[in-house]
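Enquirer: The structure that follows is given in the form of structure tokens.
The values are calculated or read from the model by the stated rules, or taken from the named source; none is laboratory data. From a predicted model like this one, the values you see are computed outputs, not experimental measurements. We place every Cβ from the backbone using ideal geometry, glycine too, and count neighbours over all the protein chains shown. Side chains included, ligands, DNA and RNA excluded: accessible areas come from the protein's heavy atoms. Shrake-Rupley method; radii C 1.70, N 1.55, O 1.52, S 1.80 Å.
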Amino acid sequence: MSRPAQAIVDLAAIRHNYQLAQQLAPRAQALAVVKANAYGHGSVAVAKTLEPLAPALAVACAEEALQLRQAGITKPIALLEGAFSSAEVRLASEQDFWLVVASPEQLALIAAAELAHPVTVWLKVDSGMHRLGLTGAAVRDAYQRLKSLPQVCSKVVIATHFAAADELDSVYTQHQLDNFATMTAGLNAPVSLANSAAIMAWPAAHGDYTRPGIMLYGASPFLHPHPGGAGLQPAMTLQSAVIALRTIDVGETVGYGRSWTAQRRSTIATVAIGYGDGYPRQTPNGTPVWINGQRAPLAGHVSMDMITVDVTDLDGVQLGDRVELWGAHISLNEVAQRVGTISYELVTRMPARIPRVYVNAE
Ligand SMILES: *Cc1c(COP(=O)(O)O)cnc(C)c1O
């Protein structure tokens, strides 16, 4: 018998969400962002699923890209932070990794490299995120330099990243679009600007290549429902099962620190999942879980391997009943909001301890 805590990953949902990203920005090509172990979903399985659909994949760094190559992925893989050494520039040219150039130092690494094959480069522009990228007149100079280097493939994409594309009423995205247009005026280069939020909410930012991440996994980047997110299908179901049931009297407390007190005679279900499985310890009392077709509130602190749930109002809860922590019925965003974080963090920090069980591989 195995422990019931599992993350079920629906690969058909991931294919569907990728196709939705393509449909929302029909003139652009969508790179599938599979960094950080595909936001916790398992980068090899997700890359194998999307490789037939996407022109390229995207990860943060060379280590993540190599892992995909070793698993047999052959499509180009963009390194969103670029190369950190000349060895990585050579590796990129050998392995068909696309290099983001986000600084004069990264440009110099490429200019000094002796490469058997030219490397594909994306020039990163800082239009207002103020994290990575060139800015001002340096953009034009770097673009022209890259175009002249024999180590660089002739098509150089110019990219930027938004700081607040998920804030629909913010003027900052338009400000970044204007900055980007000014810095790239007349260069006639292919461009890439849009993350998931911009794919859904900022058509002016669709450009030639989009970079959907969180939406591939079925989570909306918006806190409040947005029509663009309507067709998303949650890819991950975090689930476990009831392993104990007990009734406690009024005034009795549950769990470490005694943070929950029974206001009535209460039935408490113990579920085999905890913060050691990626269900955050700071999840507050009252956060819903899904049992037998109904919502039931978390009661007491999350332990390493277990949680406790108040099922007093539910009918017929039994040992072995399946419990969904997030998935089709309890949205990742709802849990994230309760916890005071974002969906990205909840899935990205899922530990290796939780088995990923893949369904609908094809
Ligand atoms: C992670 C990342 C993305 C994907 O962002 P989402 O909000 O998950 O869609 C896109 N572009 C860059 C540069 C990134 O680092």
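Enquirer: Kindly indicate whether Ala47 is in contact with a helix residue (DSSP H, G or I) (Cβ under 8 Å, 6 or more places away or on another chain) and over 17 Å from Met215 (Cβ atoms).
Expert: no
Enquirer: Sticking with this structure for a sec: Within 16 Å of the ligand (Cβ to nearest atom), in contact with a strand residue (DSSP E or B) (Cβ under 8 Å, 6 or more places away or on another chain) and open to solvent by less than 40 Å² (accessible area, probe 1.4 Å), is that true of Ala142?
Expert: Spelling it out, it is not the case that Ala142 is within 16 Å of the ligand (Cβ to nearest atom), in contact with a strand residue (DSSP E or B) (Cβ under 8 Å, 6 or more places away or on another chain) and open to solvent by less than 40 Å² (accessible area, probe 1.4 Å).
Enquirer: Does Ala71 count as out of contact with any His (no Cβ under 8 Å at 6 or more places or on another chain), touching a residue at least 24 places away in the same chain (Cβ under 8 Å), surrounded by fewer than 17 Cβ atoms within 10 Å (Cβ to Cβ) and under 22 Å from Val347 (Cβ atoms)?
Expert: yes
Enquirer: Out of all the residues in the range 148-181, which are within 29 Å of Pro118 (Cα to Cα) and more than 15 Å from the ligand (Cβ to nearest atom)?
Expert: Ser148, Leu149, Pro150, Gln151, Val152, Cys153, Ser154, Lys155, Val156, Ala181, listed by residue number.
Enquirer: Those residues that are open to solvent by 40 Å² or more (accessible area, probe 1.4 Å), within 19 Å of Tyr209 (Cα to Cα) and of a type in the set (A, V, I, L, M), I need them from the range 1-38; list them, please.
Expert: If the condition is that a residue be open to solvent by 40 Å² or more (accessible area, probe 1.4 Å), within 19 Å of Tyr209 (Cα to Cα) and of a type in the set (A, V, I, L, M), then Leu24 is the only one that fits.
Enquirer: Residues that are more than 30 Å from Thr348 (Cα to Cα) and at pLDDT below 95: list the strands (runs of 3 or more DSSP E) wholly contained in the range 243-329 that include at least 2 such residues.
Expert: none
For every residue, the table says whether it meets (1) among the charged types (D, E, K, R); (2) open to solvent by 70 Å² or more (accessible area, probe 1.4 Å); (3) away from the ligand (no atom under 16 Å from the Cβ).
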residue	(1), (2), (3)
Leu146	no, no, yes
Gly186	no, yes, yes
Thr210	no, no, no
Gly213	no, no, no
His226	no, no, no
Leu232	no, no, no
Ala244	no, no, yes
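Enquirer: Within the range 260-271, can one find any residue that is open to solvent by 20 Å² or more (accessible area, probe 1.4 Å) and among the aliphatic types (A, V, I, L, M)?
Expert: No: zero hits.
Enquirer: Considering only residues that are of a type in the set (A, V, I, L, M) and assigned to a loop (DSSP other than H, G, I, E, B), which ones fall in the range 336-362?
Expert: Ile342, Met350, Ala352, Ile354, Ala361
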